Amino acid sequence: MTREEAIAKLTYSRELQVEFSDGTLVDALDLALAALGQQIPIAPIKAIDTMIGACAILYRCPLCDEIIGHDKQVGQYCQSCGQAIDGSDAA
């Protein structure tokens, strides 16, 4: 099963709103969906930084907006929130 398939099945289960009497299943499904979603790489946001006197390309996390790279160097994960990053377009 792929991450995407797991997300689809968990989302379906979440939409059924089947939960324990105290609501912990829905909370657990929400947490699992968020964790799985962060493992799927997404493209960073490309930004131009003019604050240093010369134009530089910065890359930001699309989830939390933290700087995750510059020029052609982008990390595989955001160090702030843990989101997987697809930096293939930055290279």
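The values are calculated or read from the model by the stated rules, or taken from the named source; none is laboratory data. Here the structure is a predicted model, which means the values were calculated and not measured. FYI the Cβ positions are ideal-geometry reconstructions off the backbone, even for glycines, and counts take in every protein chain you see.
Worth pointing out:
- Pairs, first at pLDDT 70 or above in the stretch 5-25, second small (Gly, Ala, Ser), C-beta under 7 Å, six or more apart: Ile7/Gly37; Leu10/Ala32
- Tabulated pairs, the stretch 71-87, first under 13 Å from Gln39 (Cα atoms), second aromatic (Phe, Trp, Tyr) and not in a loop (DSSP other than H, G, I, E, B), C-beta under 6 angstrom, 6+ apart or interchain: Ala84/Tyr77
- Here Ser88, Ser80 are screened, and the one residue that is surrounded by fewer than 10 Cβ atoms within 10 Å (Cβ to Cβ) and not assigned by TED's automatic domain parsing to the domain that holds Leu10 is Ser88.
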